[in-house]
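Right, one structure below, let's go through it.
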Amino acid sequence: MYGKYAGFGRICGHITKLKRTTKPHWNQLPSQVIQQVAKRIHLGYEKFFDYLKAKKKGLSPRKVGKPKIKPRQKYNSLTFTQAGYEIEGNRIKINCLDKSFTFWKHRKWTGTIKTITIKRDNVGDYYLYLSCEDCEPTKKLPLTSHEAGADFGMKTFLTLSDGIKIESPEFYKRMLNAIRSANKTLSRKQKGSNAWYRAKRHIARLYKKIAEKRRDWFFKLALRLVRKYDRIAIETLNLEGMKKLWGRKVSDLAFGEFSSILQWTCAKYGKTLLKAERWTATTKPCSDCGYRNENLTLSDRQWICPECGSHHDRDINAAKNILQAGIPVT
Ligand SMILES: [Zn+2]
């Protein structure tokens, strides 16, 4: 009404008022579940204000938009804090529904559960997320005193400074035919009909499958790297710029997702992730003597340093430079 953010406390107060007046059915839900909604709005605004502050200071942070009101079909998760549910084995009872559900318990958890979130994805599958406190820490991996720089590339997914090259399976590309034919099927259906929704869900399921396969591969690759190296250096990516330059393939390679997964895996097993600054020159300087080869073009895969005479593979040289410029991530 006033073009201002009301604040967390006032939203909570307003919810209490709504429960008394126009929305008495909200009383059936545990009050903490509703309060979590206000909390999410609050966090959204905090992030937005932080972004504005950083922008005023002249920094260039990741763009955060103003929180928007979501249509209710896009609101697809509920967070419970302490009350309102009971978990026993692989059964969860939601008290306000007075119903129990079986879930696929694919891993054990330790510690005490602080919050649970029930989430529905756009395929229509439900997931249970638990966040726990005082968990048993993961066993750290033994140190190997190896270290490596890693260069992301369009030709090879990852090139390590010791010469190992890892290709991307390009899951999206493999499924492209299936997606194309699914899209054709969708276009033949009458919009809004049952068959149309069925076809739409089918496409969503294909995309989900790609994302899951890719994620699985990322976790396995990250673990493989963390087992072998104590310190891994990567570059800070400019994803927006890359997407503009290269298009769909960058999204399929998902460098950003992989670097976050690598960061978690490193933290989990007691290894260090290093990051080279965003504007560090990685391709042109010679990793042996520091000579800057300005004549290097994109098509030069191999080159010889005119200063010290060492023979370089373009990507391996970049990986070595990344390792030299890396700063530990905290
Ligand atoms: Zn050189």
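Looking only at segment 190-245, count every residue that is acidic (Asp, Glu) and in contact with a Gly (Cβ under 8 Å, 6 or more places away or on another chain) and tell me the total.
Counting residues in segment 190-245 that are acidic (Asp, Glu) and in contact with a Gly (Cβ under 8 Å, 6 or more places away or on another chain) gives 0.
With within 16 Å of the ligand (Cβ to nearest atom) and of a type in the set (Lys, Arg) as the only criterion, which of Lys284, Lys275 stands out?
Only one candidate qualifies: Lys284.
Being closer than 20 Å to Lys47 by Cβ and of a type outside the set (Gly, Ala, Ser) is the filter here; which residues of segment 64-75 pass it?
Val64, Lys66, Pro67, Lys68, Ile69, Lys70, Lys74, Tyr75
Given Gly192, Gly270, which one is outside any helix (DSSP H, G or I), surrounded by fewer than 16 Cβ atoms within 10 Å (Cβ to Cβ) and more than 22 Å from the chain's Cα centre (by Cα)?
Gly192
Of the residues that sit in segment 73-94 and are within 16 Å of Val33 (Cα to Cα) and loosely packed, with under 13 Cβ neighbours inside 10 Å, which one is nearest to the chain's Cα centre (by Cα)?
So, considering only residues that are within 16 Å of Val33 (Cα to Cα) and loosely packed, with under 13 Cβ neighbours inside 10 Å, the one nearest to the chain's Cα centre (by Cα) is Tyr75.
Only one residue in Glu170, Glu212 is acidic (Asp, Glu) and touching a residue at least 12 places away in the same chain (Cβ under 8 Å), so which one is that?
Glu170
Mind listing just one residue for me: the one in segment 1-38 that is of a type in the set (A, V, I, L, M) and part of a loop (DSSP other than H, G, I, E, B) and, of those, farthest from Ala83 (Cα to Cα)?
Met1
Does Gln73 satisfy the criteria of being part of a helix (DSSP H, G or I) and under 30 Å from Glu136 (Cα atoms)?
It is false that Gln73 is part of a helix (DSSP H, G or I) and under 30 Å from Glu136 (Cα atoms).
Please determine, by comparing only the residues of segment 315-328 that are more than 10 Å from the ligand (Cβ to nearest atom) and either among the basic types (Lys, Arg) or crowded, with 21+ Cβ neighbours inside 10 Å (or both), which one is modelled with the lowest pLDDT.
Gly326
From the list Lys155, Lys119, Lys139, which residue is in a loop (DSSP other than H, G, I, E, B) and touching a Phe, Trp or Tyr at 6+ places or on another chain (Cβ under 9 Å)?
Exactly one residue qualifies, and that residue is Lys139.
Criterion first (within 16 Å of the ligand (Cβ to nearest atom), at pLDDT 85 or above and acidic (Asp, Glu)) does Asp216 satisfy it?
It is false that Asp216 is within 16 Å of the ligand (Cβ to nearest atom), at pLDDT 85 or above and acidic (Asp, Glu).
Write out, first by first residue and then by second, each pair whose Cβ atoms fall under 6 Å of each other, whose residues are 6+ apart or on separate chains, and whose first residue, in segment 287-300, is in the same structural domain as Ile322 (by TED's automatic domain parsing) and more than 16 Å from Ile316 (Cβ to Cβ) while the second is within 8 Å of the ligand (Cβ to nearest atom) and not in a loop (DSSP other than H, G, I, E, B).
Close Cβ pairs (under 6 Å, with a partner that is within 8 Å of the ligand (Cβ to nearest atom) and not in a loop (DSSP other than H, G, I, E, B)) do not exist here.
Of the residues that sit in segment 110-131 and are surrounded by 12 or more Cβ atoms within 10 Å (Cβ to Cβ) and within 20 Å of Ala199 (Cα to Cα), which one is modelled with the lowest pLDDT?
Asn122
With respect to Thr110, is the statement that it is in contact with an Asp or Glu (Cβ under 7 Å, 6 or more places away or on another chain), within 30 Å of Pro137 (Cβ to Cβ) and not aliphatic (A, V, I, L, M) true?
When the stated conditions are applied, Thr110 passes them.
Please specify each residue of segment 295-314 satisfying the condition of being acidic (Asp, Glu) and either modelled with pLDDT under 85 or near the ligand (Cβ under 8 Å from one of its atoms) (or both).
Within segment 295-314, Asp300, Glu307 meet the criteria.
The values are calculated or read from the model by the stated rules, or taken from the named source; none is laboratory data. What you see is a predicted model; the values in this text were computed from it and never measured. Reconstructed Cβ throughout: ideal geometry from the backbone, glycine too, with neighbour counts over all protein chains shown.
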